[in-house]
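Chemist: Input: one structure, supplied below.
The values are calculated or read from the model by the stated rules, or taken from the named source; none is laboratory data. No experiment lies behind these values; they were computed from the predicted model shown. Glycine also receives a Cβ, built like all others from the backbone with ideal geometry; neighbour counts cover every protein chain displayed. The area values use the complete protein model at the heavy-atom level, side chains included, leaving out ligands, DNA and RNA. Shrake-Rupley method; radii C 1.70, N 1.55, O 1.52, S 1.80 Å.
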Amino acid sequence: MDGLAPLILARIADRGAALHEREVPAAIGAVAAVKMWEIPTWQVADPAIPTLFVPRASLVRRGIQGGVRIIPRDLDLGRVVVGPCGLPMTDPLLSAVHVGAHSDLTLVGRLIVLHGGLRRQLEWERGGLERVDGRVLADLTADPTCRQSVLEDARCLTETSEVRGKRRVVEALALADPRIETALESLSWAQFFLAGLPRPTPQARVRGASGVLWRVDFLFGERVIGECDGAVKYLAGQSLWEEKRRQSDLEAAGYIVVRWTWEEIMRRPHVVMARIALAMTRAA
């Protein structure tokens, strides 16, 4: 249910209980909260020392106590919720903002955690701790008003909360799109920006020659489809056959399909960008 080792969870629970006995409210934050919300991360190590935020007025000393890092910080109580395992923590979006502000993250790492936080926040607001069906979440993020609302929430939160590295988060949020579903898509999205490619439409719905309406990872212009080949797509032979049928249907309708893997976009992004650019030239 969570992304933290049992020993770390036990430390958090023990220290939180000790603070509660002193009538000091404490909330799990930063990397520990992101892991518990199951928000995707990259370049973010598991927290050997998890973080608990306590109010400044509590006068609890900053530092490591019982294997937990105590940080005095005045949080908006509306952003502290009872999360997984029944423990109080910062909500998904604030948790992602705190981690996304880390100075050692690249643009890719920042976008991965922020995209995950935006989407998990929408799930939380709709269904609480229950994960929302992927199709429902896709419909939510397809709504421009919904996307704008959660992005504006993230920007306001960054500006008004006690977050170091606000500028880094604000710059990443200017590129962020809640329709981005996976870490591989976030990595690709960052590379499009770095390569100066026109920004595509994520999770676009396009009609194949058969009349079937398909959802594709990215649509560049009107005719070039970009597809990220994550391993999860092809766990069974049936999935691979269905994907080939889908691509044939799209190509028969006049679309040009460009595919790439995590390894390609990580190690040879310039090759992937060149393939996309060539496809766009052919489609013009």
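Chemist: Can you pull out the residues in the range 247-270 that are more than 27 Å from the chain's Cα centre (by Cα), farther than 20 Å from T281 by Cα and open to solvent by less than 30 Å² (accessible area, probe 1.4 Å)?
Modeler: If the condition is that a residue be more than 27 Å from the chain's Cα centre (by Cα), farther than 20 Å from T281 by Cα and open to solvent by less than 30 Å² (accessible area, probe 1.4 Å), then D249 is the only one that fits.
Chemist: Something else about it: Only one of W189, W241 is aromatic (F, W, Y), in a helix (DSSP H, G or I), without any contact (Cβ under 8 Å) to a residue 12 or more places away in the chain and out of contact with any Cys (no Cβ under 6 Å at 6 or more places or on another chain); which? Talk me through it step by step, then tell me what you get.
Modeler: Values: W189 fails: without any contact (Cβ under 8 Å) to a residue 12 or more places away in the chain.
The unique qualifying residue is W241.
Chemist: Name, by its number, the condition in (1) modelled with pLDDT under 90; (2) among the aliphatic types (A, V, I, L, M); (3) open to solvent by less than 30 Å² (accessible area, probe 1.4 Å) that does not hold for A45.
Modeler: Failed condition: (3).
Chemist: Could you please give the count of residues in the range 31-71 that are of a type in the set (A, V, I, L, M, F, W, C), more than 30 Å from T182 (Cα to Cα) and not in a loop (DSSP other than H, G, I, E, B)?
Modeler: So the count comes out to 6.
Chemist: Which one of L175, L157 is part of a loop (DSSP other than H, G, I, E, B) and either of a type in the set (V, I, T) or open to solvent by less than 40 Å² (accessible area, probe 1.4 Å) (or both)?
Modeler: Checking each option against the conditions leaves just L175.
Chemist: Hey, another quick one. Within the group R131, R126, which residue is open to solvent by 70 Å² or more (accessible area, probe 1.4 Å), within 16 Å of R79 (Cα to Cα) and either free of Cβ contacts under 8 Å to residues at least 24 places away in the same chain or assigned to a helix (DSSP H, G or I) (or both)?
Modeler: It is R126.
Chemist: Which condition breaks for S95 when tested against (1) open to solvent by less than 40 Å² (accessible area, probe 1.4 Å); (2) farther than 30 Å from L19 by Cβ; (3) among the hydroxyl-bearing types (S, T, Y)?
Modeler: (2)
Chemist: Also: So which residues in the range 195-232 are among the β-branched types (V, I, T) and either open to solvent by 10 Å² or more (accessible area, probe 1.4 Å) or in contact with an Asp or Glu (Cβ under 6 Å, 6 or more places away or on another chain) (or both), if there are any at all?
Modeler: T201, V212, V232
Chemist: Tally up the residues in the range 244-284 that are assigned to a strand (DSSP E or B) and among the β-branched types (V, I, T), please.
Modeler: Of the residues in that region, 4 qualify.
Chemist: I've got another one for you. Among the residues of the range 201-224, which ones are more than 17 Å from A138 (Cβ to Cβ) and small (G, A, S)?
Modeler: G208, A209, S210, G211, G221, listed by residue number.
Chemist: In the range 206-220, is there at least one residue being touching a helix residue (DSSP H, G or I) at 6+ places or on another chain (Cβ under 6 Å) and in contact (Cβ under 8 Å) with a residue 60 or more places away in the chain?
Modeler: yes
Chemist: Also, quick follow-up: Among the residues of the range 100-114, write down those that are closer than 11 Å to P40 by Cα and surrounded by fewer than 24 Cβ atoms within 10 Å (Cβ to Cβ). Lay out the reasoning, then the answer.
Modeler: Within the range 100-114, the first condition is being closer than 11 Å to P40 by Cα, and the residues that meet it are 109-114.
Selection gives G109 alone.
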